[in-house]
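As structure tokens, the structure follows; a few thoughts come after it.
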Amino acid sequence: MPRIACGLLCLLLGGTAGVLRGDDWSHWRGPLGNGVAPEATPPVEFGAAKNVRWKVEIPGRGSSSPVIHGDRVFVTTAVPVAGKDDTFDFRVICFDRATGKERWSRLAVTAKPHEGTHQTNGFASASPCTDGERVYAHFGSRGLFCFTSDGELLWERDFGDMTIRNGFGEGSSPTVHGDLVLVPWDHEGPSMLFAVDARTGKTVWETPRDEPTCWCTPLVTLDKAGRKQVVMNGQNAARGYDLATGKELWHCSGQTQRPCASAVAEDGVAWVTSGFRGAFLGAFDLAGSGDLAGGTSVLWTRSKDTPDVASPLLSGGRLWFYKEKSGLLSCVDARTGDPLWETARVEGVNNTYASPIAAGGHVYLTDRRGTIAVVADAPELRLVATNDMGEAVDATPAAAGDNLFVRGERHLFCLGKP
């Protein structure tokens, strides 16, 4: 792992309950929150029957990503209850990392969702997160559930019912950092950002947000003074909050409607983007305060070809992002915003939900039909391999150790060379 990345990882993970290893993927955007696995070396060639360490069927439906800690892999799912229309068992499942054998499966709650969801989506879209001792699963209006790594339910929280724009369903993932679990709650009713005690589930702080429906995940990062901030996307504004208190530190308008993409950050700078009915990508100096619009804390902005659904990838000083309905890939210099290339066609990538990830000098780009293209993590676009998983893939893959974990429509794959 590069020295800078290693140092940042240690700072960001300081104070977590368990011992998080460099090859863990404990959050849906990886150990740095940027989509990068600094120590992982997964294969570049694989498929439904190629370089498969193991493959297990996942009951029900979900587009949540797997998270990995130590010798365990955690996923969530919503399983239809036989004989009960529109009622689901919301479950957390733990698999052995080496063999794929199920270690445990726990029912969080049985419920009939009060609203529908998008036709391309189910009811288990939020990815779990883990601190090594506990795993946290957020099923939105069904509640937040905390299990030990051995499957014992410790606590649960009910935050009420969300009202989501156009009935498109819930899906924002929680984030665990130290003794706090951050729960995003943006909807058409009163929106909030909650911080709850990771050990008890009790509220530590809650901050109102002047936002309608948004599907982003909180990012915990450091400003240049070493202060920990929570960066959140939003339709009305990108915002930064003090991790310790929930106080808003800065905001900046300019976003498009109903953002889905989560922020990325490095070296005291955060990048926030959205791309539905418009385009916006901005680089923000986290040392700024108050309204940043028009000031020097807005380092640069971009107003074309930004992502709608998938979050950007920050790797090697470059921002990678692609369009949902076309899969067209762009890459810009993170410091300047200058394009390295724009709207490039990558073989097999035409329609995307999963976010790009980077590991082992490569970038992994996932098409909804199950194609995963691998390109060099470099300033020039170079295709390395095109792989077919044999089933649809909407969940973002996870890279850990020498493995790539892919949650498909029906199966969870652990990919690795023999």
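No value in this document is a laboratory result; all are computed from the given coordinates. The model shown is predicted, which means the values in this text are computed figures rather than measured ones. Every residue, glycine among them, receives a Cβ derived from its backbone with ideal geometry; neighbour counts consider all protein chains shown.
Give, rounded to the nearest 20 debye, the magnitude of the charge dipole that the chain has about its Cα centre when Lys and Arg contribute +1 at Cβ and Asp and Glu contribute -1 at Cβ. Walk me through the numbers on the way to the answer.
Values: 42 positive and 49 negative charges, 86 e Å.
Computed charge dipole of the chain: roughly 420 debye.
This ranking places Thr221, Thr213, Thr245 by how few other beta-carbon atoms lie within 10 Å of each, fewest first, which gives Thr245, Thr213, Thr221.
Among the lysines of segment 3-415, pairs that are 8 or more positions apart or on different chains and have alpha carbons within less than 22 Å of each other number 9. From least to most packed, judged by other beta carbons within 10 angstrom and beginning with the fewest, Asp161, Asp23 follow the order Asp161, Asp23. In the set (i) 119; (ii) 200; (iii) 169, the label that goes with volume of the Cα convex hull per residue in Å³ computed for this structure is (i). Along the axis of the charge dipole computed for segment 3-415 (Cβ charges of +1 for Lys and Arg, -1 for Asp and Glu, origin at the Cα centre), the listed residues Ser191, Val109, Val298 are led at the positive end by Val109.
Each of Leu219, Gly234, Ser315 was scored by the projection of its Cα onto the charge dipole of segment 190-321, and the greatest displacement toward the positive side belongs to Ser315; charges sit on the C-beta of Lys, Arg, Asp and Glu. Each of Asn350, Phe284, Ala263 was scored by the projection of its Cα onto the charge dipole of the chain, and the greatest displacement toward the positive side belongs to Asn350; charges sit on the C-beta of Lys, Arg, Asp and Glu. The alpha carbon gyration tensor of segment 34-177 gives principal lengths a ≥ b ≥ c with a/c of 1.5 or higher and a/b greater than b/c, which makes the shape prolate. Using the Cβ-Cβ distance between Asp197 and Asp291 with R0 set to 45 Å, the FRET efficiency works out to roughly 0.90.
Rounded to the nearest 500 deg cm²/dmol, what is the calculated helix-only ellipticity per residue at 222 nm for the chain, with -39500 (n - 2.57) per DSSP H run of length n ≥ 4?
Working: 1 runs with 11 residues, N = 418.
My calculation for the chain gives -1000 deg cm²/dmol from helical runs alone.
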